[in-house]
Amino acid sequence: MDFAFGERQLEFRAQLRALTDKTCTAAEIRESWVSETGWSPVRWAALAEMGVVGLTVPETAGGLGLGLVDLVLLLEEAGRAGLPEPLLETTALGVPVLVDAPGERADALRAEWLPRTAAGEAVLAVGTEAMAAVPGAGSADLLILERGGDLHAVPGEATTRVARRALDGARRPAVVSWEPSPGSLIVSGDAAAVLVAALEDRAAMGSGAVLLGVADRLITMTAAYAVDRVQFGVPIGSFQAVKHHLADALIRLEFARPAVYRAAWSLDAGDPGAGCHASMAKALASDAATGAARVALQVHGAIGYTWEHDSHLWMKKAWALAAAWGDAGFHRARVLARLLDGVERGEAT
Amino acid sequence: MDLRFTERQEEFRLEARAWLEANVPTAANGRGPLPSLDTAAGFEAHRAWEKAMSDARWSVVSWPEEFGGRGVGLMEWLIFEEEYYRAGAPTRVSQNGIFLLAPTLFEFGTPAQQARFLPSMASAEVIWCQGWSEPDAGSDLAAIRSRAEWRGGGDDGGTVGDDSGTWVLNGQKTWCSRGAFADWVFGLFRTDPEAQRHRGLTYFLVPMDAPGVTVRPIAQLDGETGFAEVFFEDVVVPGDQVLGTVNQGWSVAMATAGSERGLSLRSPARYTEAAGRLLSLYARRRADDPAGAGRVADEVARAVVDAEAYRLHTYWTATRVLAGGSVGPEASMNKVFWSETDLAIHEAAMRLLGEDAGLLGDDGTPGPWLDGFLFALAGPIYAGTNEIQRNVVAERVLGLPRP
């Protein structure tokens with residue numbers, strides 16, 4: 001039992017933090033919010049150069065060929081930075097589907113798209129039929145879409161995309177109209193079901209990882225404000241009502257974190273409990289982030305309720321991702337159902 | 001990162017499991033369950049069980065062999081705990097000693113003190129209770145007034161605190177868990193009457209049968225004498241029963257408190273085992289009353305997820321500790337989380353049981369869920385209330401200003 005990240009994994013996180021500290025300031029996030037795509041091609045190129053974008057792409061296709069345990073700290077860091085780029089969608093979700101899919105059509109897709117993705121020349125978006133709008137679809141070069149249990153891959157330009165506006169200005173969902181065809185199909189039937197289930201588990205873990213970073217940033221920002229802001233002649237952080245709000249937010253984050261890391265490990269290791277672990281991770285991380293957002297707003301008071309203050313950039317990410325890929329209640333129900341199956345089969349829980 | 005146990009750890013698990021399955025007193029083998037440890041008879045039955053564990057060297061697996069342990073590491077201790085609770089074994093009557101005082105003895109005790117106190121603690125021949133709170137010093141522990149005066153020793157009166165001299169203790173301690181039946185008490189006394197607050201305190205080890213010690217048992221919420229008041233009237237204590245340095249008792253006590261809030265007192269196995277039972281209870285209630293059970297489903301799931309989160313966090317922390325890290329004020333986050341998780345598990349069970357939850361058995365004692373619920377209610381209070389823990393988290397982890 002060894003829960004520690006390796007030096008290389010920690011170093012990679014430090015590199016990403018150095019990059020985002022320089023190029024992903026709140027002012028730059030705001031610029032992205034009003035840009036055409038919601039994210040910055042310059043930053044994406046830098047991320048690709050660093051190897052982050054192609055982290056899950058096999059080395060033969062120009063990537064690093066690494067797994068989710070290597071990626072999880074970077075996703076968390078992306079949340080902390082408020083990174084607007086589609087790292088979750090491309091690197092954590094889209095690429096693994098392409099890598100894992102069986103068959104000749106998948107071979108062709110891999111050959112065409114993986115090197116370009118690793119090089120930062122193509123971004124991916126992923127959507128299921130249940131989604132009204134697909135996040136990041138408007139600027140994605142390749143869409144990986146589930147329809148009727150089958151998985152398809154469709155170039156963005158072959159679809160009709162109607163942009164929707166979202167509260168999180170970087171999210172950029174679009175309603176995607178397209179016709180499934182033999183040419184778009186990657187895989188169907190049982191093989192597709194396996195891929196879709198794995199995609200949903202990775203999405204739960206991956207969005208959970210981003211949410212950890214979002215919560216971390218909100219708590220740090222709010223604690224700093226509580227030290228600076230003076231009322232009744234003292235910093236508001238000296239009042240127990242404020243202290244307890246922040247302590248609770250930190251405790252929720254602290255106990256969500258190892259659950260997300262464990263989910264990443266279980267998914268990489270093909271652990272039979274991985275789906276349940278991913279759901280636990282998403283449930284805990286969603287509550288940690290929405291709880292942190294609530295505390296951040298309350299402790300900041302009216303200034304936190306403004307557009308001008310930066311806290312909303314992270315609060316809105318918390319709300320969007322907590323609701324994405326199943327909210328906390330959805331995942332708790334899923335955990336309960338899976339564990340009860342085990343109880344009925346007489347397995348130890 | 002590799003979240004599998006090693007082969008040796010798995011072997012250790014199986015060895016512990018085999019011994020526990022053969023020896024734990026249970027209803028199934030007719031030797032249990034033991035009567036409540038908060039009764040005189042139950043206390044002795046628990047002592048006998050822990051003596052049996054000790055004879056097979058299972059009572060304190062992580063201690064060095066010379067003191068009765070197996071010298072295994074932190075991960076193995078956590079594995080043992082998982083097996084202990086999996087086997088349905090009883091609550092440890094020695095818990096104040098083995099989980100709280102022992103880590104403090106290992107850190108601050110002299111070799112002579114370790115040799116004197118640890119083996120009898122491991123074998124449950126001496127069971128310890130904690131003497132910290134006083135009627136006017138609860139959350140505000142530094143307000144304690146019980147005092148110890150130096151009476152000197154030898155021909156020249158000795159140096160204050162040296163082993164040849166003696167101290168005289170006076171005062172009152174309260175809420176001493178297991179104090180009604182325990183053999184020894186560890187506690188904080190004021191040794192410098194001029195010093196304020198947390199300065200001038202000293203950590204003493206005192207036999208409960210010393211002349212001048214009077215115990216008044218207190219009935220708890222469940223009606224049993226789980227804790228006691230302890231009065232000290234001119235109790236003479238030799239100098240070698242001071243743990244750590246005279247007048248530095250606060251820092252010694254905080255090490256004990258760290259154990260109490262952190263890793264050692266509440267291993268996650270206790271909660272994952274209860275969460276497993278909660279799932280089984282939920283499955284049974286759902287079969288009888290799907291709609292009724294459904295109204296509690298989210299609470300059940302939340303409690304189960306939190307128990308697992310606590311388990312993972314413990315292994316995460318253990319990895320950090322084994323790599324040379326230490327657990328500081330973060331222990332306060334632990335304490336809030338395990339106590340509230342324990343309560344959440346039992347509250348969900350109470351809701352599933354509905355009106356029947358409050359029924360006592362024919363012998364007038366609560367069943368496991370009600371007993372566990374009443375015990376869980378104490379969690380957010382003992383070991384420093386959760387409000388105090390939140391203050392610690394805010395001030396010492398997040399850096400918010402003290403009032």
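Between 0 and 90 degrees, the angle of helix B:368-378 with respect to the longest Cα principal axis of chain B falls at about 40 degrees. As a proxy for reagent exposure, B:T314, A:T90, A:T220, A:T37 were ordered by neighbouring Cβ count within 10 angstrom, fewest first; the result is A:T220, A:T37, B:T314, A:T90. When only alpha carbons are used to place a centre, region B:93-156 and region B:35-63 end up 20 Å from one another.
Under a Gaussian network description of chain B, with springs only between Cα atoms under 10 Å, the residue in B:L343, B:L281, B:L118 that fluctuates furthest is B:L281. Rounded, prolate or oblate: pick one for region A:191-344, where a ≥ b ≥ c are the square roots of the eigenvalues of its C-alpha gyration tensor, a/c under 1.5 means rounded, and failing that, prolate if a/b is larger than b/c, else oblate. The shape class here is prolate. So which residue, out of A:L321, A:L284, A:L185, gets the largest mean-square fluctuation from a GNM of chain A using Cα contacts under 10 Å as springs? Evaluated over chain A, the most mobile residue of the options is A:L185.
Would region A:1-152 count as rounded, prolate or oblate if I go by the C-alpha gyration tensor, calling it rounded below 1.5 in a/c and otherwise prolate when a/b exceeds b/c, oblate otherwise? Cα axes put region A:1-152 in the oblate bin. In loop segments of region A:305-349 as defined by DSSP, the chymotrypsin sites (Phe, Trp or Tyr not before Pro) with at most 12 further C-beta atoms inside 10 Å of their C-beta are A:W307. Residue order for A:H300, B:H46, fewest other beta carbons within 10 angstrom first, comes to A:H300, B:H46. Kyte-Doolittle mean at least -0.5 and Cα extent at least 27 Å along the axis: which DSSP H helices of chain A qualify? What comes out of the filter, once short or polar helices are dropped, is A:189-228, A:240-269, A:274-300. Distance from the Cα centre of region A:163-222 to that of region A:1-29, in angstrom? First find each Cα centre; the distance between them is then 22 Å. Taken residue by residue and averaged, Cβ atoms of other chains lying within 10 Å of the Cβ of B:315-328 number 3. Shielding of peptide A:258-269 by partners, expressed as the average count of other chain Cβ atoms within 10 Å per residue Cβ, is 4.
Of the trypsin sites (Lys or Arg not before Pro) found in region B:272-345, those in coil by DSSP whose Cβ has at most 14 other Cβ atoms within 10 Å are B:R295. Dimensions of region B:128-248 based on its C-alpha atoms, expressed as ranges along the principal axes with the largest first, amount to 52, 29, 21 Å.
Sorting B:D183, B:D342 by the number of Cβ atoms found within 10 Å of their own Cβ, with the fewest placed first, yields B:D183, B:D342.
Rounded to the nearest 20 debye, the dipole magnitude of region B:77-170 is 240 debye, with +1 charges on Lys and Arg beta carbons, -1 on Asp and Glu beta carbons, and the Cα centre as origin. Relative to the longest principal axis of the Cα atoms of chain B, the long axis of helix B:269-288 makes an angle of roughly 30 degrees. For chain A, the mean residue ellipticity at 222 nm estimated from helices alone is -19000 deg cm²/dmol, where every DSSP H run of n ≥ 4 contributes -39500 (n - 2.57) and the total is divided by all residues, rounded to the nearest 500. Rounded, prolate or oblate for region B:7-122? Axes are the square roots of the Cα gyration tensor eigenvalues, ordered a ≥ b ≥ c, and the cut-off for rounded is a/c under 1.5. Note, shape of region B:7-122 comes out oblate.
For A:K282, a cut-off of 24 angstrom between C-alpha atoms picks up these lysines, skipping any fewer than 8 places away in its own chain: A:K316, A:K317, B:K335.
Result for chain A in a Gaussian network model with C-alpha springs under 10 Å: among A:G54, A:G169, A:G270, the largest mean-square fluctuation is at A:G270. Shape analysis of region B:58-134 based on the Cα gyration tensor places the equivalent ellipsoid semi-axes at 21, 16, 11 Å, largest first. On the beta carbon distance between A:V99 and A:E11, with R0 = 41 Å, the FRET formula returns roughly 0.95. Using a cut-off of under 14 Å, list every residue of region A:115-147 whose amide N is near the label point 7 Å from the Cα of A:A45 along the Cα-to-beta-carbon line. Taking a point 7 Å out along Cα→Cβ of A:A45, the residues of region A:115-147 whose backbone N falls under 14 Å are A:119-122.
Computed over chain B, the P(r) tail beyond 42 angstrom holds 13 percent of alpha carbon pairs. Look at the stretch A:273-286: the mean tally of other chain Cβ atoms within 10 Å of its residues' Cβ atoms is 2. Across chain A, where is the longest run that never hits GluC sites (Glu not before Pro) in a DSSP loop with at most 11 other C-beta atoms within 10 Å? That gives A:130-307 as the longest site-free run. For chain B, a simple Cβ point-charge model (Lys and Arg +1, Asp and Glu -1, everything else neutral) yields a dipole of about 780 debye relative to the Cα centre. Two numbers describe the Cα atoms of region B:328-403: Rg and Dmax, which are 16.2, 54 Å. Gyration tensor analysis over the Cα atoms of the protein assembly as shown returns equivalent ellipsoid semi-axes of 53, 30, 23 Å (largest first, whole Å).
When the trypsin sites (Lys or Arg not before Pro) in region A:201-236 are filtered for DSSP coil states and for at most 16 other beta-carbon atoms within 10 Å of their beta-carbon, the remaining sites are A:R229.
Scaling against 2.2 N^0.38 Å puts the C-alpha radius of gyration of region A:155-259 at 1.71.
Laboratory data are not the source of any read-out in this text; all were calculated from the coordinates shown. What you see is a predicted model, and the numbers here were worked out from it, not measured in a lab. Neighbour counts run over all protein chains shown; Cβ positions are idealised from the backbone, glycine included.
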